[in-house]
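Structure, as structure tokens:
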Amino acid sequence: MQSLAKRNFLKLSLAATAAAALAACGGGNDAIPTPDIVGVLSADPQFSILVEAVVAAGLVETLKSPGPFTVFAPTNTAFAALLVELKITKDQLLANKALLTRVLTYHVLAAKVPAASVPVGKTITTVETGVFKIESSGGLKITDESNRVSNITATDVAASNGVIHVIDKVLLPSDKDIVAMAQSLAPEFSILVEAVVAAGLVSTLQGPGPFTVFAPTNAAFAAALTELNVSKDDLFANTALLTKVLTYHVVAARVLKAEVPIGAPITSVQGETFTIDASLKITDQRARVAGISATDVFASNGVIHVIDKVILPKA
């Protein structure tokens, strides 16, 4: 009996030793380690231009660091379209390190954000410090600061230091501040731009902000002049009144459509408040109602919402 017990003990000891040895060696069935973001991109031919760009911008070590990061990765086709759009060659893009770095870091978030955690419709801030939004209508779509739309064609590609989402258009931050964006939307906002100049608010609205501007169209201004029984020249000559009205249209924060505090008082730069209801109607201090006809027009220092009536502070 003692001999049998001894043999069983030896068998168990050998089995335990073998198990420990296998565990130390990975058991012979080690999973292949997940590569970092640069490794994942480098292994996929559709991202060869992106990888070249990352190397040219000197961002390899950054994207190999622990992170975590989220990278919105444009394909080679997306880069080819960008070169046509910008009217430059690939060599010219890769040689412009400042531009290249700005564009590439605009595609990176300093956090791991899987598709299920995307804050739909809300402000997303990039490593470059610019912003964009993602919406889910008809699939995930990105609107960048230049108001261009990209489709997310694949999500949640795993990397050891983050996650990759594939996109079909290179994202671009904006070089247009709110004033420049309003000018680019002319002639619909030509009176608004004239008013901003007349009130001496250009430098303010070109500042870092961020701002949200509720921008009345020319038709809205024409209706306001009739309502107030003044001419455009008279309104523009009254700098104090003009400044009061214009600053009532500005909020000292970037507030996208999805971030509007429905029904709550919104304080303007002028100091008085207005409210916005669930149907995107603004009620001003005189109980007048204006409709928001377009939302989330991005600028480098904020966002513009188009309105169909000039809103007014207290008389």
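Descriptive notes on the structure:
- Residue check: VAL251 meets all listed conditions (1) crowded, with 19+ Cβ neighbours inside 10 Å; (2) more than 21 Å from VAL193 (Cβ to Cβ); (3) in contact with a Ser or Thr (Cβ under 6 Å, 6 or more places away or on another chain) but one, namely (2).
- Verdict on PRO265 being within 30 Å of GLU135 (Cα to Cα), surrounded by fewer than 19 Cβ atoms within 10 Å (Cβ to Cβ) and either among the β-branched types (Val, Ile, Thr) or modelled with pLDDT of 95 or more (or both): yes
- Restricting region 89-114 to residues that are among the aliphatic types (A, V, I, L, M) and farther than 17 Å from LEU63 by Cα, the residue that is nearest to the chain's Cα centre (by Cα) is LEU99.
- Of the residues making up region 47-78, those that are part of a helix (DSSP H, G or I), of a type outside the set (A, V, I, L, M) and in contact (Cβ under 8 Å) with a residue 40 or more places away in the chain number 3.
- Out of ALA258, ALA253, one residue alone is in contact (Cβ under 8 Å) with a residue 12 or more places away in the chain and either under 24 Å from ASP175 (Cβ atoms) or assigned to a loop (DSSP other than H, G, I, E, B) (or both). It is ALA253.
Conditions tested, residue by residue: (1) part of a loop (DSSP other than H, G, I, E, B); (2) more than 24 Å from ALA294 (Cα to Cα); (3) more than 16 Å from the chain's Cα centre (by Cα).
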position: VAL127; (1), (2), (3): yes, yes, no
position: SER137; (1), (2), (3): yes, no, yes
position: ILE142; (1), (2), (3): no, no, no
position: GLU145; (1), (2), (3): yes, no, no
position: ASP156; (1), (2), (3): no, yes, yes
position: VAL163; (1), (2), (3): no, yes, yes
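- Only one of the listed residues (ASP177, ASP156) is under 23 Å from ASN76 (Cα atoms) and of a type in the set (D, E, K, R). That residue is ASP156.
- Against the criterion of being within 23 Å of ILE282 (Cα to Cα), in the same structural domain as VAL269 (by TED's automatic domain parsing) and either modelled with pLDDT of 95 or more or touching a Gly at 6+ places or on another chain (Cβ under 8 Å) (or both), THR212 qualifies.
- Residues that are of a type in the set (D, E, K, R) and either surrounded by 17 or more Cβ atoms within 10 Å (Cβ to Cβ) or over 25 Å from HIS305 (Cβ atoms) (or both) within region 156-187 comprise ASP156, ASP168, LYS169, LYS176, ASP177, listed in sequence order.
- GLU61 exposed (fewer than 15 other Cβ atoms within 10 Å of the Cβ), under 27 Å from SER160 (Cβ atoms) and charged (D, E, K, R): yes
- Residue in region 193-200 that is under 19 Å from VAL255 (Cα atoms), surrounded by 15 or more Cβ atoms within 10 Å (Cβ to Cβ), touching a Ser or Thr at 6+ places or on another chain (Cβ under 7 Å) and not charged (D, E, K, R) present: no
- Residue match in region 77-91 (condition: in the same structural domain as ASP156 (by TED's automatic domain parsing), under 22 Å from ALA43 (Cα atoms), surrounded by fewer than 14 Cβ atoms within 10 Å (Cβ to Cβ) and of a type in the set (Ser, Thr, Tyr)): yes
- Screening THR125, THR153, THR129 for residues that are modelled with pLDDT under 95 and surrounded by fewer than 17 Cβ atoms within 10 Å (Cβ to Cβ) leaves exactly one candidate, THR129.
- Region 293-305: number of residues that are farther than 21 Å from GLY271 by Cα and part of a strand (DSSP E or B): 7
- Unmet requirement for GLN270, which otherwise passes all of (1) out of contact with any Gly (no Cβ under 9 Å at 6 or more places or on another chain); (2) part of a loop (DSSP other than H, G, I, E, B); (3) free of Cβ contacts under 8 Å to residues at least 40 places away in the same chain: (3)
The values are calculated or read from the model by the stated rules, or taken from the named source; none is laboratory data. Remember, it's a predicted structure, so these values are computed and weren't measured experimentally. With ideal geometry, Cβ positions are generated from the backbone for all residues, glycine too; neighbour counts draw on all protein chains shown.
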